[in-house]
Amino acid sequence: MTKRVVKQSGRTLTRRGLLTAAGAGIAGAAATRLVAPWEAGAAPATIRGSSLRILVWSHFVPAYDTAFDKYANDWGVENAVTVRVDHIPIDQLPARIASELAAGAGHDIVQHHTQILVHQYYPQLVDLSDIVARLGKAGGGWIPMAPQVAQVNGTWYLVPEFYIAQPMLWRTDLFKEYGLKEPSTWEAARVAGRVGKGKNPKHDTGIQISHCNDSNHDWRALFYAFGVKESDPSGKEIQWDSKELREAMRFGKAMYDECMTPQVLSWDNVSDNRYLGSGVGIWIHDAISAFRSIQNVNPTLYSNIQVAGPWLEPMGSHMRAPVVDPTALGIWKFSKNQAAARAFIEKYCGDVKFSLTASKGYNMPYLNNWYTKPMPVLGSDPTVTYLQSWGKVALINGYPGPFTAAAAEVLATFVVPDMMTRYVQGGDLEGSIKWGMGQIKSIYAKYK
Amino acid sequence: MPDAEAIISRPVAVRHRAFTAERLRFGYSLLAPAVVYMLVLVGVPFFFSLYLALSDASVGGTSASYVGFANFVAVLQDETIRQALRNTIVFTVVAGICKGILGTLLAFLLIQEVRGKKLIRSLVVIPWTLPVAISALAWKWMYDPQFSAINYVGTRLHLIQGWPNWLGDNFLAAVAVISVNVWRGFPFAAIVLMAGMSAVPTELLDAGKVDGANFFLRYRYIVIPVIAPILLVGLLFDTVFTLSDISVVYLLTLGGPMGATEILPTKALEIGIQAGALGRGAAIALLLFPILLPVVYFLLRSLRRRETL
């Protein structure tokens, strides 16, 4: 009996050959099953003909909204998915997200921004750990801050999208005129403000001490730099009350007295932008949109503004602690088109180059590989070149713990700005801290 | 007419009952749309808020456990919420008085027979008709700590000393917020009063003049009693609108500085939506209810009594 069993295409195939071919075929099929179709850039066929709704903020760089809409639309055309993108003001996002969940209907993909309540929403969000793992593997891993933004108990319920750096923006011309060195510590920034305030005309500075988001994260940047911790790494035990907090608040009060305009007591999120744009401020502490907005209206002033490095943030001997505004994308469990949502998120969140270039360097990446110098946009613009060093040192509110519901309430109720306001308006240090700690303890007690 | 005979032949009491039941059915069927409308638009949100306030609901959960009055106890123990409650009452009372005075003055001006009366009436209601977002942002610019138009003009006319930080000083911020609320609301008060005043019979006013009553006596003893129903309804509306007005504070100060302008609606938003504690947020919002309930009750009772006079 011959071993010839099958004759195909003029070639003989032995039993051993058949088994080998079958084994290879099964292995190949299995291998392809392990890889999601959209991993190689192609969306699954099952999503064709479906529709996808995306909710995001109205970006502070308006051109990015246009680019993002086109990006989403192009992806939709390519994958035969009808994509609709809705942009709403950042302040309206929390209420919109809450109402979508209450209604059990709305967008498939929702952007969580700045005050990210993943610790509250996660039971209603799709587990996206597989996408995060693949993106992380392809992108050289995630920066240390990423899990704080999107992870709960080891599971990723959001995919980190981008974060907004809040660096110090300083006037090179004034620093040079006053014989000041490039600011490299909070102390150096304080000296510069003091010198500027003493000049005629005055060139003082300011950080919001008021009810606004900038005030919340700017003072935390200073506090963290002095070693203040909001909680333990688990986020359960409060660690605010410390000698570091006292040191930081004394420094903050001195900075207010010596180099700030009292107008900071009523500043909102864009008042510091205007202050820099007016030509008065010697430095401010804000996102780069503050000086990008000057680019066209006052090119001379724009050319005299430099973004400081993250090493500016500490006093020098403590730590680098730039606090940022994060964004991340999530998919509701009630979404009827989770496959398309997952495919889009994986494609978009992996396309860091698009995000960086379309936002003119505003959208900072979470993936380590993108910090390889020169980064797109940031590497070619000397003004913002220091932002290339932010990946390893960026922090979010709640540090070093996660941004828990309790930490979110401390932030939402402006406890830190109010504690600082009490102190700079003449309250004693211990009294101001006692008030602040009372508020924080009371908030944390509600979540025990 | 056998049916009529059958009815007539029934005892009077039975006939009366049938007639009454029929009338009741007819009456209730006419009322039904209004009742359904109220239940859907007022009742459902109210009872849903009550449900949230008595539960540990958070933004991330689709179910919640009953916690009794724990949320109310928690919010009343919070010093900042007590401050917001005080501010809410003070703002409503002060703004109400200011709007009453300014509205009355404006109403008297508007009922004068002058050329261009219609145009003037149209212009004075602009603050009330403008979207609050636009008008509040315009005021924010006028109060801006760096570019304040009020300070610029005031200092040049020597009406203002220094450069006040309108939204950065506790007292000035409260004044600023109340002023914007008054500015937006007093044209409404004026229109309401004007409508009432135009209904006052001129014979009564002439009789008052003949009897030697001066302007204030005529206003006190003739105008106010006649326009009282309209006045009370206007007061009721204004109280409700002011107590629940979140826009002005939200756009001007977000409750700052140090909670000096924090009111219950902004506090409810911060805790209920931004921090995600829906239960406590609803409890804060419902703190207004026990304040509003007696106000509404007494105003409506007073209105009913006057109508029966």
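The values are calculated or read from the model by the stated rules, or taken from the named source; none is laboratory data. Just so you know, these numbers come straight off a predicted model, no measurement behind them. Reconstructed Cβ throughout: ideal geometry from the backbone, glycine too, with neighbour counts over all protein chains shown.
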Yes/no for A:VAL424 being closer than 30 Å to A:ASN304 by Cβ and outside the structural domain of A:LEU125 (by TED's automatic domain parsing): yes
What's the number of the only condition in (1) free of Cβ contacts under 8 Å to residues at least 60 places away in the same chain; (2) within 14 Å of chain A (Cβ to nearest Cβ); (3) of a type outside the set (Gly, Ala, Ser) that B:LEU137 fails to meet? (1)
Which condition breaks for A:GLY401 when tested against (1) buried (at least 23 other Cβ atoms within 10 Å of the Cβ); (2) under 20 Å from A:VAL159 (Cα atoms); (3) not polar (S, T, N, Q)? (1)
Residue in the range B:101-115 that is touching a Gly at 6+ places or on another chain (Cβ under 7 Å) and part of a helix (DSSP H, G or I) present: no
Picked from the range B:262-309 (must be of a type in the set (Asp, Glu) and closer than 30 Å to A:LYS446 by Cα), the residue surrounded by the most Cβ atoms within 10 Å (Cβ to Cβ) is B:GLU262
Does the range A:238-248 hold any residues that are over 15 Å from A:GLU187 (Cβ atoms) and crowded, with 18+ Cβ neighbours inside 10 Å, and which are they? A:ILE238, A:TRP240, A:GLU244, A:LEU245
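Looking only at residues in the range A:392-409 that are at the interface with chain B (Cβ under 10 Å from one of its Cβ atoms) and in contact with a strand residue (DSSP E or B) (Cβ under 9 Å, 6 or more places away or on another chain), which one is farthest from A:ASP257 (Cα to Cα)?
We begin by selecting, within the range A:392-409, every residue at the interface with chain B (Cβ under 10 Å from one of its Cβ atoms); these are A:405-409.
This time we only want the ones that are in contact with a strand residue (DSSP E or B) (Cβ under 9 Å, 6 or more places away or on another chain), so: A:406-407.
On the way: A:ALA406: 32, A:ALA407: 29 Å.
Selected residue: A:ALA406.
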Conditions (1) out of contact with any Phe, Trp or Tyr (no Cβ under 6 Å at 6 or more places or on another chain); (2) without any contact (Cβ under 8 Å) to a residue 40 or more places away in the chain; (3) aliphatic (A, V, I, L, M); (4) crowded, with 22+ Cβ neighbours inside 10 Å; number of the one not met by A:ALA95: (4)
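Can you tell me which residue among B:VAL75, B:VAL94 is surrounded by 15 or more Cβ atoms within 10 Å (Cβ to Cβ) and at pLDDT 95 or above? First the steps, then the outcome.
On the way: B:VAL75 fails: at pLDDT 95 or above.
Within the list B:VAL75, B:VAL94, the selection yields B:VAL94.
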Please specify each residue of the range A:409-428 satisfying the condition of being under 20 Å from A:HIS211 (Cα atoms) and either among the aliphatic types (A, V, I, L, M) or surrounded by fewer than 16 Cβ atoms within 10 Å (Cβ to Cβ) (or both). A:VAL410, A:LEU411, A:ALA412, A:VAL415, A:VAL416, A:MET419, A:MET420, A:VAL424, A:GLY426
For B:THR261, state whether it is in contact (Cβ under 8 Å) with a residue 40 or more places away in the chain, within 11 Å of chain A (Cβ to nearest Cβ) and under 18 Å from B:VAL182 (Cβ atoms). yes
Of the residues A:GLU230, A:GLU258, which is at pLDDT 95 or above and under 20 Å from the mean Cα position of the chain (by Cα)? A:GLU230
Quick one: how many residues across the range A:421-433 are away from every other protein chain (no Cβ under 12 Å) and assigned to a helix (DSSP H, G or I)? 4
Considering B:VAL36, B:VAL42, B:VAL93, B:VAL132, which residue is assigned by TED's automatic domain parsing to the domain that holds B:ILE263 and more than 30 Å from A:GLN439 (Cα to Cα)? B:VAL132
Yes or no: the range A:138-149 includes at least one residue that is surrounded by fewer than 19 Cβ atoms within 10 Å (Cβ to Cβ), assigned by TED's automatic domain parsing to the domain that holds A:TYR348, assigned to a loop (DSSP other than H, G, I, E, B) and under 15 Å from the mean Cα position of the chain (by Cα). yes
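Would you check which residues across the range A:429-445 are buried (at least 20 other Cβ atoms within 10 Å of the Cβ) and either outside the structural domain of A:LYS243 (by TED's automatic domain parsing) or farther than 17 Å from A:ILE209 by Cα (or both) and list them?
Correct list: A:GLN439, A:ILE440, A:ILE443, A:TYR444.
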Could we say that A:MET375 is part of a helix (DSSP H, G or I), of a type outside the set (Ser, Thr, Tyr) and out of contact with any strand residue (DSSP E or B) (no Cβ under 7 Å at 6 or more places or on another chain) here? no
Restricting attention to the range B:186-224, report how many residues are within 16 Å of B:ILE111 (Cα to Cα) and either touching a residue at least 24 places away in the same chain (Cβ under 8 Å) or not in a helix (DSSP H, G or I) (or both). 17
Give me the residue from the range B:52-75 that is part of a helix (DSSP H, G or I) and within 12 Å of chain A (Cβ to nearest Cβ) and, out of that set, farthest from A:ALA405 (Cα to Cα). B:VAL73
Only one of A:VAL152, A:VAL81, A:VAL132, A:VAL61 is in contact with a helix residue (DSSP H, G or I) (Cβ under 8 Å, 6 or more places away or on another chain), within 14 Å of chain B (Cβ to nearest Cβ) and buried (at least 16 other Cβ atoms within 10 Å of the Cβ). Can you tell me which? A:VAL152
Across (1) assigned to a helix (DSSP H, G or I); (2) closer than 25 Å to A:VAL393 by Cβ, A:TYR122 clears everything bar (2)
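Is it true that A:SER242 is at pLDDT 95 or above, among the hydroxyl-bearing types (Ser, Thr, Tyr) and within 25 Å of B:VAL249 (Cα to Cα)? Let's see the steps before the verdict.
Working: at pLDDT 95 or above: yes; among the hydroxyl-bearing types (Ser, Thr, Tyr): yes; within 25 Å of B:VAL249 (Cα to Cα): no.
For A:SER242, the condition - at pLDDT 95 or above, among the hydroxyl-bearing types (Ser, Thr, Tyr) and within 25 Å of B:VAL249 (Cα to Cα) - is not met.
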Taking the range B:143-165 only, how many residues are within 32 Å of the chain's Cα centre (by Cα) and buried (at least 17 other Cβ atoms within 10 Å of the Cβ)? 8
Across the range A:254-283, which residue is farthest from A:ARG220 (Cα to Cα) among those that are in contact with a Ser or Thr (Cβ under 9 Å, 6 or more places away or on another chain) and more than 14 Å from chain B (Cβ to nearest Cβ)? A:ILE282
Based on what the data block shows, is B:LEU251 within 14 Å of another protein chain (Cβ to nearest Cβ), at pLDDT 90 or above and surrounded by fewer than 24 Cβ atoms within 10 Å (Cβ to Cβ)? yes
